[in-house]
1. Based on what the data block shows, is residue A:46 more than 10 Å from the chain's Cα centre (by Cα) and not hydroxyl-bearing (Ser, Thr, Tyr)?
2. For region A:73-115, which fully contained strands (runs of 3 or more DSSP E) count at least 3 residues that are open to solvent by 10 Å² or more (accessible area, probe 1.4 Å)?
3. Please work out which one of (1) under 28 Å from residue B:33 (Cα atoms); (2) charged (D, E, K, R); (3) more than 11 Å from chain B (Cβ to nearest Cβ) is the condition residue A:63 fails and give its number.
4. Among the candidates B:105, B:80, which residue alone is in contact with a strand residue (DSSP E or B) (Cβ under 8 Å, 6 or more places away or on another chain), hydroxyl-bearing (Ser, Thr, Tyr) and at pLDDT below 95?
5. For region A:10-51, enumerate the residues that are among the charged types (D, E, K, R), open to solvent by 80 Å² or more (accessible area, probe 1.4 Å), touching a residue at least 24 places away in the same chain (Cβ under 8 Å) and farther than 12 Å from residue A:112 by Cα.
6. Among the numbered criteria (1) assigned to a loop (DSSP other than H, G, I, E, B); (2) within 27 Å of residue B:37 (Cβ to Cβ); (3) in contact with a His (Cβ under 9 Å, 6 or more places away or on another chain), which one does residue A:21 miss?
Amino acid sequence: GAVVSQHPSWVICKSGTSVKIECRSLDFQATTMFWYRQFPKQSLMLMATSNEGSKATYEQGVEKDKFLINHASLTLSTLTVTSAHPEDSSFYICSAREGQSQPQHFGDGTRLSIL
Amino acid sequence: GESVGLHLPTLSVQEGDNSIINCAYSNSASDYFIWYKQESGKGPQFIIDIRSNMDKRQGQRVTVLLNKTVKHLSLQIAATQPGDSAVYFCAERWEGGYQKVTFGTGTKLQVIP
């Protein structure tokens with residue numbers, strides 16, 4: 001089946017640093033990738049949608065200058081949390097799909113802890 | 001805005017019993033619905049889906065029912081096992097939303113051995 005891999009699975013860093021999370025589709029070409037954020041005991045909230053080679057579309061309330069998304073190839077998207085602060089600590093999950101009517105496949109998430 | 005919601009945050013069932021998890025959605029334009037299972041520290045795992053032109057779909061030990069009249073979705077798990085313990089999310093997708101998946105609030109299923 002379709003596999004989406006995220007790296008790292010867990011990261012701890014100091015406040016003020018920037019953190020990059022990678023999302024890869026391992027056995028299919030992902031024309032569209034999605035980034036979600038999930039706080040403890042809450043649902044997944046969509047942050048942004050990115051199409052390969054285009055600028056990401058951010059959901060309302062998500063700061064595009066803080067959460068930089070790059071989708072430069074059909075198998076890789078990155079999310080960079082810039083100048084991270086403790087309130088950015090969360091579980092970040094990416095998702096990818098091959099085509100517009102294809103199902104979304106999810107990665108296993110990245111636990112981000114900002115001290 | 002449009003949202004997908006759940007009535008019960010936690011459901012406890014005895015091992016071997018059937019489980020029913022409910023979900024209410026508000027976007028009548030949604031044309032595709034999915035149930036996901038999320039175990040602690042992991043991403044959502046696809047369980048079963050259903051399109052809006054259907055009202056029932058069965059998988060292995062799972063059945064999804066869709067009632068478009070009242071905008072209600074349910075997931076039935078037969079003979080619930082300890083390995084079914086997880087958080088279950090319903091999700092919707094609609095053409096106008098660039099076919100992105102929007103999640104409901106989730107129900108935690110606890111299976112009592």
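1. Working: more than 10 Å from the chain's Cα centre (by Cα): no; not hydroxyl-bearing (Ser, Thr, Tyr): yes.
Judged against the criteria, residue A:46 is not a match.
2. Values: elements: A:76-81, A:90-97, A:110-114.
Passing ranges, in order: A:76-81, A:110-114.
3. Going through (1) under 28 Å from residue B:33 (Cα atoms); (2) charged (D, E, K, R); (3) more than 11 Å from chain B (Cβ to nearest Cβ) one by one, residue A:63 breaks only (1).
4. Values: B:80 fails: at pLDDT below 95.
Within the list B:105, B:80, the selection yields B:105.
5. Taking region A:10-51 and keeping what is among the charged types (D, E, K, R), we get A:14, A:20, A:22, A:24, A:27, A:37, A:41.
With open to solvent by 80 Å² or more (accessible area, probe 1.4 Å) added as a condition, the list becomes A:14, A:20, A:24, A:27, A:41.
From the residues that got through so far, the ones that are touching a residue at least 24 places away in the same chain (Cβ under 8 Å) too are A:14, A:20, A:24, A:27.
Within region A:10-51, A:24, A:27 qualify.
6. Exception for residue A:21: condition (1).
The values are calculated or read from the model by the stated rules, or taken from the named source; none is laboratory data. A quick note: this is a predicted structure, and the numbers were derived from the prediction, not measured. Here the Cβ is made from the backbone with ideal geometry for all residues, glycine too, and neighbour counts use every protein chain on show. Calculation scope for accessible area: heavy atoms of the full protein, side chains included, ligands and nucleic acids excluded. Shrake-Rupley method; radii C 1.70, N 1.55, O 1.52, S 1.80 Å.
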